[in-house]
1. Can you give me the long-range amide H partners of A:Arg120? Hydrogens built in the peptide plane at 1.01 Å from N, cutoff under 5 Å, separation of 5 or more residues or another chain.
2. Within 10 Å of each Cβ in peptide B:229-240, how many partner chain Cβ atoms are there on average? Round it to a whole number, please.
3. So, for the protein assembly as shown, what is the accessible surface per residue at a probe of 1.4 Å, expressed in square angstrom?
4. If I compute solvent accessible area with a 1.4 Å probe over the protein chains, what percent of it on the protein assembly as shown is carbon and sulfur?
5. Under unit Cβ charges (Lys, Arg +1; Asp, Glu -1), what dipole magnitude, rounded to 20 debye, does the protein assembly as shown have relative to its Cα centre?
6. For peptide A:89-95, what's the mean number of Cβ atoms from other chains within 10 Å of each residue's Cβ?
7. Taking springs between alpha-carbon atoms closer than 10 angstrom, which of B:Tyr207, B:Tyr177, B:Tyr86 fluctuates most in the Gaussian network model of chain B?
8. Apply the Karplus parameterisation 6.51 cos²θ - 1.76 cosθ + 1.60, with θ equal to phi minus 60°, to every residue of the range B:133-140 and state each ³J(HN,Hα) to the nearest whole Hz, in sequence, with x for glycine and proline.
Amino acid sequence: MMNSPHEYDDIPGTYVFDGSHNRLGYHLNMFCKSLDVAANRDAFRSGEAAYLDHYPLTPEQRRAILERQWLEMLRLGGNIYYTFKLAIFDGLTMQHAGAAMSGNGMTTEEFQQMMLAGGRSITGNRSRRETPRG
Amino acid sequence: MARLIGGIGTSHVPAIGAAIDRGKTQEPYWKPLFDGVRPVRDWIEQVRPDVCIVIYNDHASRFDLSVIPTFAIGVGAEFAPHDEGYGPRPVPPVVGDPALAWHLTESLILDGFDMTIVSDLTVDHGLTVPLSLVYGQPQAWPCRVIPLCVNVIQYPPPTGERCYRLGQALRRAIESYAPDVTVAVFGTGGMSHQLQGERAGLINREYDLRWLEGFVHAPEELLKIGHAEYLRETGSEGIELVMWLIMRGAMDPKVREIHRFYHVPVSNTAYGMVILEND
């Protein structure tokens, strides 16, 4: 599918949940949403792969969910407020998810320290055009 | 006649609710935040609004991808706290004001703002955290509440300009309500934060502080900021700031600033608060 370019396309490390992400990730996100219900959490816990059969997911989406590849889920159309429901199911915090999505091996403790030190700097993070290649 | 007595801008980070619910507000991590927002407790005690209109966003709680209203108003008699995966927050049920909510709905729609009308609405941390910050832990919330829910999760959210104009229409709606009630408007969310992707943890203190200054003294200047700038400068979730502009639009162009506070970090977020009165 062709998507029109957006002014935000050059922002690094950011998956804007627009229409094309919605179309790509609709069922992935709706699977995550189903974990709002306690009975569904129990069913998922007792057999993750079988539970996912109820959703028309791509093989890549299934793998990302089963292997808890948080960044990959975003690339495949996941929205953080939905994928975070799966993180909550796993007993994880937003700092854990943040560290895992950083994609550079950052630990949860290192992520927490970064936040205490004022957060991830905007400098060098505005545009891919200013991000040093290497 | 109904009267708008003030506006509060505040972030609505879920961890703040957890800190209040678990009695952690005096712990070293939390004390600076709760000291900084203390003036809002004193202010609300003085002005005691009958009704708070809380502008917030739902975080995949009541609404999911099957229906995404851009602007929705809660017209029900009561709004239960939503279970966001940890069990519902131990806070009182939120009591609505159906008569005023229906009046606002009619006035806003006839004024050109096509609200989605919601009777059956659970409310998540986006609405209950601001109430907890302002009122603490009462047995019952001491005001009626009208939820005004804005989509900021699915791109595109409404523009800042549109939000500000909605605020102006909200002011006209409040002031055309005959009963003698006092109303406060909360604009919630922000400030800079990004929960997702390799840029998770982004904070932009300089931008936030400049935006807050403009918000108080020259809000029209902020209306030309487009979505790409919010996404770039304040992070993918910082775009929640457009909701503050609804509150600001409801207030007079020239306001008296009662309080301003900014603190980093609260969880993965920059926290901001302002209290405004009409001059």
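1. Result for A:Arg120 returns B:Leu202, B:Ile203.
2. So the per-residue partner count for this stretch is 3.
3. Counting only protein heavy atoms, the per-residue value for the protein assembly as shown is 40 Å².
4. Exposed carbon and sulfur together represent 52 percent of the surface.
5. In total the dipole reaches around 480 debye.
6. The per-residue average across the peptide is 3.
7. So, out of B:Tyr207, B:Tyr177, B:Tyr86, the one fluctuating most is B:Tyr86.
8. So the Karplus estimates, Gly and Pro as x, are 4, 7, 10, x, 10, x, 5, 9 Hz.
The values are calculated or read from the model by the stated rules, or taken from the named source; none is laboratory data. All values derive from a computational prediction rather than experimental measurement. So basically every Cβ, Gly included, is an ideal-geometry build from the backbone, and we count neighbours across all protein chains shown. Protein only, heavy atoms only, side chains kept; ligands, DNA and RNA dropped before computing areas. Shrake-Rupley method; radii C 1.70, N 1.55, O 1.52, S 1.80 Å.
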